[in-house]
Amino acid sequence: MSRQRKRIHLAAHFPGVNNTTVWADPRSKSQIDFSSFEHLARTAERGLFDFFFLAEGLRLREHNGRIHDLDVVGRPESMTVLNALAAVTERLGLAATVNTTFNEPYELARRFASLDHLSGGRAAWNVVTSSDAFTGENFRRGGFLDRADRYTRAAEFVAVARGLWDSQGTKGTPDGTPDGLRGGTPGGTPRPFAHTGRHFTLEGEFGLPRSPQGHPVVIQAGDSDEGREFAASTADVIFTRHGSLEAGRAFYADVKRRLARYGRAPEELKIMPGVTLVLGDTAAEAREKAVEIRRQQVSPQTALLTLEQIWGVDLSGYDPDGPLPDIDPDPDAQLAQGRVRHGDPLAVAAKWRALSEEKGLSIRQTVIEATGRQSFIGTPEAVAAEMAEYVAADAADGFILVPHLTPGGLDDFVDRVVPLLQERGAFRTAYTGPTLRDHLGLPYPGERRERD
Amino acid sequence: MAVPTGTLHLAAAIDGDGQYQAPYYVDLARLAERGTLDFVTLDDTFGPPGPGRGRLDALAVLSRVAPATGRIGLVPTVTTTHTEPFHVSSAVATLDWVSRGRAGWRVEVSSTEAEARLVGRRPAAPAGELWAEAGEVADVAARLWDSWEDDAEIRDTATGRFIDRDKLHYVDFESPRFTVRGPAIVPRPPQGHPVVAVAATDPVTWETAARHADVVYVHATSPEEAGRLRDQLRSRAVGYGREAGALTVLAAVAVDLADGEGAAGRSPADAPLVRPPATAGGPPLYRGGPVDLAELITGWHTADAVDGFHITPVAPRHDLERFVNGSVALLQHRGLFRTFYPGATLRDHLGLSRPANRYALEREAAR
Ligand SMILES: Cc1cc2nc3c(=O)[nH]c(=O)nc-3n(C[C@H](O)[C@H](O)[C@H](O)COP(=O)(O)O)c2cc1C
């Protein structure tokens, strides 16, 4: 078989909170004990994955003024978990989602540089901007940022962080440090740092020498035009939801096109949709399992609550197995709080209603159909072939796998699919370098600047 | 020899300005664990401690150390001035999760203009103000640690409910400095409350220490002075409705262990423990051999002046090794110090009970 032109990048999402995690499955264990994180991370490293990914939520979701109690909730703070995982893994990248609205650049730059040092160059930061006054109630600043301002703060935040990381010298000098770290500056000559901008004014000296990757890898998750532009200008990786082949190709082409504006080459930004997967010994078995998993994820109660989140009104009188309500959503309602919103409720409701009418679906069936993300469902051979096809067709550079079970959700994939991807020449058979930048084939910041 | 009244507690700093590699810290923590010390500490400051002397984030380092050790307590310094109380509470609770109940937190403030400028959020403030705020941060952290009752997670398949939301609580903390709504994102940590430490080495810290700390360090050059400080702190703690024994008082000592085993015939009272010049700050310095240090510890402990010692090795690798292999071994031989960890958590080592959940107590009381 011919060697594939593009290699697939793979990352593992820890199935923690929300309803992708099927907690009712007897194989489902703690979402908080360190042993769960250790199991999934070791599995991902055994599978030679690029990185391990943790999401963030800073306030428990509410429904109708009460804490939402149907989904898995309760998670540890990401960077602390990732530092601990650095002790039980050797090569796996370690990515934390951290919001720019409720943090300050100096502190976060220092924490990511610490993770990069302690892990030997495996740190990544998924920069997110969502969250509102509801989440802000847990923080000193409160929820003061308009939607429009979130990305301007995020962009300034990342620029300041990079300035801090660079303030100890920008040169990537392989093996230049006394401890032989790539990217270090010999002698570590600190330079004072000063920044005055719209959101931040700070000055002083960054307390750490350059970390192994120079700049920890920056990931962006967000989909608006501003989000895509922010990613094109700043990110190394995009975590997207555009999973289907056509949607993926359109997104891929759009984002890669934007890079040129910032003097960046297409391969400097990796596009990695979040996907789920279900394996079976036969195609039919996999399909059956997939249906059962979706039914567990979307119980009758979950289906109604999901619908209420869009309609913004109490729908408890409706039958989850009956048709969608014919009343209109209230676009200004605050029934559900703390969930990341995707699009305007009226438009979403219209789309769902059309879907339901076209296929004759009940409320629960509609929710199952409309909220599913891209899934690879089939035998290991079929899944390997499909993944390789997506990447070869420029619908993605790789995938962030979102298993539905904690912590064993990737065992089968690593044991059964990874070897097949390797046989096709579509996936690495060994890590080629020590750092996450090496795994992703991303330039070191110093190297890029020197080439210019 | 008189029989000391309580268990002797020993802790050591594993500071390493200019050390950026994990194995350095792992090796020191393992060495301390071999000596069955109660806990190790790692200092931190928001800004660089000096030209060319950077520090990693202390909580990050001890998280990295956690899976590489088994029993020893892990107490990073975390500052409260330029940080978010909600994040601090989550990070410390998470250290407790990843270490399976071995986390502590030394509360510290950032008082310099240089640190304030690194953040740019607000100017430097007087120490009294910052310590009052630190106390509030400790308070809200404890409330957040209680905001999930221990049995809040029910996984009830019959009703489809993952949690019993009546066992999750809004903390609704309000002070002029900040507000926090709650509940925590992190479920109640294994120890209930990770151990809170305060260096009560300046009177400006005393209220916060007496009110919120489980462990305090004091600076004293004689057992009499140490005993007086302990009495003062304990009576303040009692004033806040706490039990005197809730406060574990450790004498902080910097140790420079010379190569000899200690001058023969010198009594513990003569052991050289000198206060540093006021400008330098820091704990009193012990300079001598490990045997004499064991004598000094025995003497103070037997006099019931302190509950134990927090050692800062001047040359970390060398002095900690001599402390563990020399002083600790001798204290163990004399039956003054444990030879194994009878419990699993830092609270176990310190003889502190696991705090009851305040909301569960309220619920019981309301019944
Ligand atoms: C795949 C994906 C994953 C995300 N994960 C998180 C997360 O873990 N925490 C969070 O607060 N927001 C998350 N977000 C939301 C982002 O923060 C983003 O800011 C939000 O979608 C609004 O930006 P947009 O308008 O560009 O989409 C995620 C978004 C996407 C698309």
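Just to be sure, is A:Arg91 basic (Lys, Arg), part of a loop (DSSP other than H, G, I, E, B) and in contact with a Phe, Trp or Tyr (Cβ under 6 Å, 6 or more places away or on another chain)?
Numbers: basic (Lys, Arg): yes; part of a loop (DSSP other than H, G, I, E, B): yes; in contact with a Phe, Trp or Tyr (Cβ under 6 Å, 6 or more places away or on another chain): yes.
Yes; evaluated as a whole, the condition is true for this residue.
Would you be able to say whether some residue in the stretch A:147-157 is within 14 Å of chain B (Cβ to nearest Cβ), of a type outside the set (D, E, K, R), closer than 22 Å to B:Arg122 by Cα and more than 16 Å from the ligand (Cβ to nearest atom)? No, the stretch A:147-157 has no match at all. If you go through the stretch B:7-47 and pick out every residue that is within 19 Å of B:Glu115 (Cα to Cα) and more than 16 Å from the chain's Cα centre (by Cα), you end up with 4.
Could you tell me whether any residue of the stretch B:141-151 is within 27 Å of A:Ser28 (Cα to Cα) and surrounded by fewer than 17 Cβ atoms within 10 Å (Cβ to Cβ)? So that I can check it myself, show each step before the final result.
Initial filter on the stretch B:141-151 (within 27 Å of A:Ser28 (Cα to Cα)): B:144-151.
Narrowing the set further to residues that are surrounded by fewer than 17 Cβ atoms within 10 Å (Cβ to Cβ) leaves B:150-151.
Looking through the stretch B:141-151, at least one residue is within 27 Å of A:Ser28 (Cα to Cα) and surrounded by fewer than 17 Cβ atoms within 10 Å (Cβ to Cβ).
Taking the conditions (1) surrounded by fewer than 24 Cβ atoms within 10 Å (Cβ to Cβ); (2) within 7 Å of chain B (Cβ to nearest Cβ) in turn, A:Leu48 satisfies each one other than (2).
Considering the stretch B:23-47, the residues that are surrounded by fewer than 21 Cβ atoms within 10 Å (Cβ to Cβ) and outside any loop (DSSP other than H, G, I, E, B) include one that is nearest to the other protein chains (Cβ to nearest Cβ), namely B:Val26.
The single condition from (1) more than 14 Å from the ligand (Cβ to nearest atom); (2) surrounded by 23 or more Cβ atoms within 10 Å (Cβ to Cβ); (3) more than 13 Å from chain B (Cβ to nearest Cβ) that A:Val237 fails is (1).
Just the residues that are crowded, with 17+ Cβ neighbours inside 10 Å and part of a strand (DSSP E or B), please, taken from the stretch B:162-184. Spell out the reasoning first.
Let us first name the residues in the stretch B:162-184 that are crowded, with 17+ Cβ neighbours inside 10 Å, namely B:162-163, B:165, B:167-169, B:171, B:173, B:178-184.
Across the stretch B:162-184, the qualifying residues are B:Phe162, B:Ile163, B:Leu168, B:Phe173, B:Thr179, B:Val180.
Kindly indicate the residue of the stretch B:53-75 that is in contact with a Gly (Cβ under 8 Å, 6 or more places away or on another chain) and more than 7 Å from chain A (Cβ to nearest Cβ) and also modelled with the lowest pLDDT among those meeting that condition. Spell out the reasoning first.
Step one: filter the stretch B:53-75 for residues in contact with a Gly (Cβ under 8 Å, 6 or more places away or on another chain), giving B:53-55, B:73-75.
Filter once more, keeping what is more than 7 Å from chain A (Cβ to nearest Cβ): B:53, B:73-75.
Details: B:Arg53: 72, B:Gly73: 98, B:Leu74: 99, B:Val75: 98.
Within the stretch B:53-75, the match that is modelled with the lowest pLDDT is B:Arg53.
Considering (1) assigned to a loop (DSSP other than H, G, I, E, B); (2) at the interface with chain B (Cβ under 10 Å from one of its Cβ atoms); (3) in contact with a helix residue (DSSP H, G or I) (Cβ under 8 Å, 6 or more places away or on another chain); (4) surrounded by fewer than 22 Cβ atoms within 10 Å (Cβ to Cβ), the lone condition that A:Glu38 does not fulfil carries the number (1).
On inspection, A:Glu56 qualifies as surrounded by fewer than 23 Cβ atoms within 10 Å (Cβ to Cβ), more than 8 Å from chain B (Cβ to nearest Cβ) and acidic (Asp, Glu). For the stretch A:120-146, a tally of residues being hydrophobic (A, V, I, L, M, F, W, C) and within 11 Å of the ligand (Cβ to nearest atom) returns 2.
Condition check ((1) of a type outside the set (Lys, Arg); (2) in a loop (DSSP other than H, G, I, E, B)) across all residues:
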site	(1), (2)
A:Arg59	no, yes
A:Gly74	yes, yes
A:Ala95	yes, no
A:Thr101	yes, yes
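Evaluation of A:Ala232 against the conditions (1) within 15 Å of the ligand (Cβ to nearest atom); (2) within 14 Å of another protein chain (Cβ to nearest Cβ) shows that the sole unmet condition is (2). Filtered by the rule that a residue be at positive phi and assigned to a helix (DSSP H, G or I), the stretch B:313-349 gives no residues.
Pull up the stretch B:48-79, narrow it to residues that are assigned to a loop (DSSP other than H, G, I, E, B), surrounded by fewer than 24 Cβ atoms within 10 Å (Cβ to Cβ) and in contact (Cβ under 8 Å) with a residue 24 or more places away in the chain, then point me to the one that is nearest to the chain's Cα centre (by Cα). Give the steps one after another, and end with the answer.
To start, the set of residues in the stretch B:48-79 that are assigned to a loop (DSSP other than H, G, I, E, B) comprises B:48-57, B:69-72.
Pick out the ones that are also surrounded by fewer than 24 Cβ atoms within 10 Å (Cβ to Cβ) and you get B:48-53, B:69-71.
Filter again for in contact (Cβ under 8 Å) with a residue 24 or more places away in the chain, leaving B:49-50, B:52-53, B:69-71.
Details: B:Pro49: 20, B:Gly50: 24, B:Gly52: 27, B:Arg53: 23, B:Thr69: 17, B:Gly70: 18, B:Arg71: 15 Å.
Among residues in the stretch B:48-79 that are assigned to a loop (DSSP other than H, G, I, E, B), surrounded by fewer than 24 Cβ atoms within 10 Å (Cβ to Cβ) and in contact (Cβ under 8 Å) with a residue 24 or more places away in the chain, the one nearest to the chain's Cα centre (by Cα) is B:Arg71.
Here A:Arg7, A:Arg27 are screened, and the one residue that is in contact with a Phe, Trp or Tyr (Cβ under 7 Å, 6 or more places away or on another chain) and either part of a loop (DSSP other than H, G, I, E, B) or crowded, with 23+ Cβ neighbours inside 10 Å (or both) is A:Arg7.
Here B:Tyr20, B:Tyr25 are screened, and the one residue that is touching a helix residue (DSSP H, G or I) at 6+ places or on another chain (Cβ under 7 Å) and modelled with pLDDT of 95 or more is B:Tyr25. The set of residues in the stretch A:84-131 being more than 7 Å from chain B (Cβ to nearest Cβ), in contact with a helix residue (DSSP H, G or I) (Cβ under 8 Å, 6 or more places away or on another chain) and among the acidic types (Asp, Glu) consists of A:Glu90 alone. Screening A:Arg264, A:Arg249 for residues that are away from the ligand (no atom under 16 Å from the Cβ), part of a helix (DSSP H, G or I), more than 14 Å from every other protein chain (Cβ to nearest Cβ) and more than 29 Å from A:Ala336 (Cα to Cα) leaves exactly one candidate, A:Arg249. Of the residues making up the stretch A:330-387, those that are within 16 Å of the ligand (Cβ to nearest atom), closer than 25 Å to A:Met272 by Cβ and not in a helix (DSSP H, G or I) number 9. Touching a Leu at 6+ places or on another chain (Cβ under 8 Å) and more than 7 Å from chain A (Cβ to nearest Cβ): does that describe B:Ser147? So B:Ser147 fits the description; yes. Only one of the numbered conditions (1) within 7 Å of chain A (Cβ to nearest Cβ); (2) within 15 Å of the chain's Cα centre (by Cα); (3) among the β-branched types (Val, Ile, Thr) is not met by B:Thr94, and that is (2). Of everything in the stretch A:199-229 that's more than 16 Å from the chain's Cα centre (by Cα) and assigned to a helix (DSSP H, G or I), which residue is nearest to the ligand (Cβ to nearest atom)? Going through the qualifying residues, I end up with A:Glu226.
Would you mind finding the one in A:Arg61, A:Arg111 that is assigned by TED's automatic domain parsing to the domain that holds A:Leu145, more than 24 Å from A:Gly441 (Cβ to Cβ) and touching an Asp or Glu at 6+ places or on another chain (Cβ under 6 Å)?
Every option except A:Arg111 fails the conditions.
A:Leu355 fulfils the conditions (1) surrounded by 20 or more Cβ atoms within 10 Å (Cβ to Cβ); (2) outside the structural domain of A:Ile219 (by TED's automatic domain parsing) except for a single criterion, (1).
The values are calculated or read from the model by the stated rules, or taken from the named source; none is laboratory data. Quick caveat, the model's predicted, so the values are computed rather than measured. FYI the Cβ positions are ideal-geometry reconstructions off the backbone, even for glycines, and counts take in every protein chain you see.
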